[in-house]
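Encoded as structure tokens, the structure appears first; notes follow it.
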Amino acid sequence: MKRRLAVLLATMLALLAGGAKAQLRTQVTLPLEAEIRRDLAKAPCDNKERLGAVKSLFSQLGATDADVSVASFKHTENLVATVKGSGDGFIVVGAHYDKASHGCGAVDNWTGIVILAHLYRTIRVTAPSKTIIFVAFGKEEAGLVGSQAMVDAITKKDRESYCSMVNLDSFGFARPQVLENVSTPKLTAFVAEVARENQVPYASARVDAGADSTSFRDKGIPAVTLHGLSNTGLSLIHTSKDQVDQISAESVHIGYRFALMLIARLDQCDCKAFR
Ligand SMILES: [Zn+2]
């Protein structure tokens with residue numbers, strides 16, 4: 001029997017408070033920091049290898065070939081893995097897999113991909129109320145191409161059933177934060193509330209950068225981008241210094257935990273709550 005996502009959340013919080021790190025029970029796995037570190041080290045420096053590497057990561061974390069599909073668009077490809085909910089409505093959890101031309105794109109955005117894949121591993125054996133769509137977007141750096149292609153394929157009528165979108169972009173330096181300029185206000189406020197309620201590290205800072213939540217926000221879908229950048233992190237993305245050795249796996253691990261908590265809470269919310 002599958003454990004409900006909300007129950008999983010409560011158990012996870014109890015475990016974290018007690019300092020326990022890994023096994024919730026046999027099927028549900030919360031990653032150890034060492035596993036996050038191991039998967040961060042897999043960041044390919046060549047854009048051509050990135051989609052294949054995301055696919056491998058998902059399969060190493062338990063996805064079968066049938067669980068994962070590639071949505072092909074005119075200019076890019078997105079990788080999609082869905083966990084079916086018992087009720088109506090969708091939550092999109094996304095992270096872009098492409099990188100800027102300089103550096104290895106380890107921070108921006110292999111960190112987001114590692115969090116995405118581990119969230120999928122944890123959530124796939126639970127029973128969410130809403131259907132959760134995990135998407136690795138292509139060509140974010142070329143102008144949000146993959147996320148735009150996804151939202152463009154959703155009809156105006158169907159947009160209403162997209163309750164929220166959580167985008168993960170660039171972690172490894174600081175506590176989780178919302179990239180406010182690309183996020184919708186009600187959902188941003190909710191993220192802060194979830195952090196407060198659970199007394200987890202969270203910060204709010206204004207950073208001017210683009211991210212895939214914009215594509216959803218612009219179509220009226222409540223969306224938020226989470227990141228974990230400090231000024232140091234911000235200064236090295238899109239440069240040759242964007243390398244795995246710059247990243248704190250602990251910070252990425254905290255990002256994963258925060259995102260899991262947020263998704264579990266969003267799963268319980270009314271689909272109209274953030275519109
Ligand atoms: Zn990015």
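The values are calculated or read from the model by the stated rules, or taken from the named source; none is laboratory data. Values in this document were obtained by computation on a predicted structure and should not be read as measured data. No Cβ is skipped: glycine too gets one built from the backbone with ideal geometry, and neighbour counts run over all protein chains shown.
Each residue in the range 146-164 was checked for being touching a Ser or Thr at 6+ places or on another chain (Cβ under 6 Å) and either surrounded by 24 or more Cβ atoms within 10 Å (Cβ to Cβ) or assigned to a strand (DSSP E or B) (or both), and 2 pass. Number of residues in the range 12-27 that are at pLDDT below 65 and in a helix (DSSP H, G or I) equals 5.
The number of residues in the range 165-213 that are farther than 25 Å from ILE247 by Cα, surrounded by 21 or more Cβ atoms within 10 Å (Cβ to Cβ) and of a type outside the set (A, V, I, L, M, F, W, C) comes to 1.
The single condition from (1) within 16 Å of the ligand (Cβ to nearest atom); (2) under 23 Å from LEU30 (Cα atoms) that VAL191 fails is (1).
When VAL200, VAL178, VAL252, VAL224 are screened for being within 15 Å of ALA106 (Cβ to Cβ), in contact (Cβ under 8 Å) with a residue 12 or more places away in the chain and not charged (D, E, K, R), only VAL252 passes. Take the residues in the range 87-108 that are on the phi < 0 side of the Ramachandran plot and touching a Ser or Thr at 6+ places or on another chain (Cβ under 6 Å), then tell me which one is surrounded by the most Cβ atoms within 10 Å (Cβ to Cβ). Per the criteria, the residue is VAL107. Of all residues in the range 158-176 being of a type in the set (S, T, N, Q) and in contact with a helix residue (DSSP H, G or I) (Cβ under 9 Å, 6 or more places away or on another chain), which is farthest from the ligand (Cβ to nearest atom)? Among residues in the range 158-176 that are of a type in the set (S, T, N, Q) and in contact with a helix residue (DSSP H, G or I) (Cβ under 9 Å, 6 or more places away or on another chain), the one farthest from the ligand (Cβ to nearest atom) is SER164.
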